[in-house]
Amino acid sequence: MSAPMSADRFIGALRNEGLTVVEVGAWRTHNRNHKGPWGPVNGVMIHHTVTHGTKFTVELCRDGDEALPGPLCHGVITKDGRVHLVGYGRANHAGLGDSDVLAAVIAEKRLPPDRHADTDGNRHFYGFECENLGDGDDPWPEVQLDAMARAAAAVCRVHGWTERSVIGHLEWQPGKPDPRGFTMAAFRARVGEHLQ
């Protein structure tokens, strides 16, 4: 359980992990903090976007839409492995999820099934949206998967977390399928390799 790092420390952590970072507009102050607190933070959540194309994907994740205003995450990781920072603070990415899952993330233990939607995840998680159609067929380029693992590792390194603090949206909120196309167990193993 930690206070969120500053925006400057966040971008520095990503760059220190060897990532190419693109700053999108006034990302440091673009957030949903007026809707509730951000923090304490407890982990990193990975999503797929169900979109195609860098420009459209980044704009959607920054601005959201009428039903769900942006930012929809903190960073968008595109197919080329770049991390586009679109917001910092509370973001509309996690929604309501399972308090038992949150307890397991905090304890860095095996995750239970996500059966309830009783806890505000936007308060507790950093979020990375990753460009992919989410149909199980759209490929995940190695450069993108590596960037995703490095981004998660960067956040974990700052907070002193292990890879067990990294979860998929599908492990948090009942009915969510993302990310689709790889297992979170395999992804956490990638994150763990970077943290060694």
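The values are calculated or read from the model by the stated rules, or taken from the named source; none is laboratory data. As the structure is a computational prediction, the values presented were derived from the model and not from experiment. Because the Cβ atoms are built from the backbone with ideal geometry, glycine has one as well, and the counts that use them run over all protein chains shown. Side chains included, ligands, DNA and RNA excluded: accessible areas come from the protein's heavy atoms. Shrake-Rupley method; radii C 1.70, N 1.55, O 1.52, S 1.80 Å.
Figures for the structure shown
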item	result
Considering only the chain, percent of DSSP beta bridges that pair antiparallel, nearest 5	30
Sulfur and carbon atoms: percent of accessible area, the chain [1.4 Å]	50
The stretch 143-196: trypsin sites (Lys or Arg not before Pro) in DSSP loop, at most 11 other beta carbons within 10 Å	none
Distance in nm between pseudo-label sites at D135 and R28 (7 Å out along the Cβ direction from Cα)	4.1
Estimated inter-spin distance, A117 and A189, nm [label 7 Å along Cα→Cβ]	3.2
Residue with peak Gaussian network fluctuation, the chain [Cα springs, cutoff 10 Å], from H52, H93, H30	H52
Accessible area in the full protein assembly, largest first, 1.4 Å probe, for W161, W172	W161, W172
At R0 = 22 Å, FRET efficiency that the Cβ-Cβ distance of T20 and I106 yields, to 0.05	0.10
Using θ = phi - 60° and Karplus 6.51 cos²θ - 1.76 cosθ + 1.60, couplings along the stretch 81-91 (whole Hz; Gly, Pro as x)	x, 7, 10, 9, 7, 10, x, 8, x, 5, 10
Semi-axes of the equivalent ellipsoid for the stretch 8-85, Cα gyration tensor, largest first, Å	19, 18, 12
Residue among P113, W161, P177 farthest towards the positive dipole end of the chain, charges placed on Cβ	W161
Average accessible area per residue (Å²) across the chain - probe 1.4 Å, nucleic acids and ligands excluded	43
Residue-count net charge about Q144 - beta-carbon cut-off 15 Å; Lys, Arg +1, Asp, Glu -1	-3
Pairwise centroid distance, computed over Cα atoms, of the stretch 27-59 with the stretch 93-130, Å	15
GNM top mover of N16, N132, N42 - the chain, alpha-carbon springs below 10 Å	N16
Neighbour-limited loop hits for GluC sites (Glu not before Pro), the stretch 37-110 (at most 10 other Cβ within 10 Å; DSSP other than H, G, I, E, B)	E66
Matching label, Cα extents along the principal axes in Å computed from the structure shown, candidates (1) 51, 36, 26; (2) 37, 37, 32; (3) 48, 36, 34	(2)
Residues of type lysines that K79 reaches as a straight line, Cα spacing below 20 Å, ignoring anything fewer than 8 places off in the same chain	K55
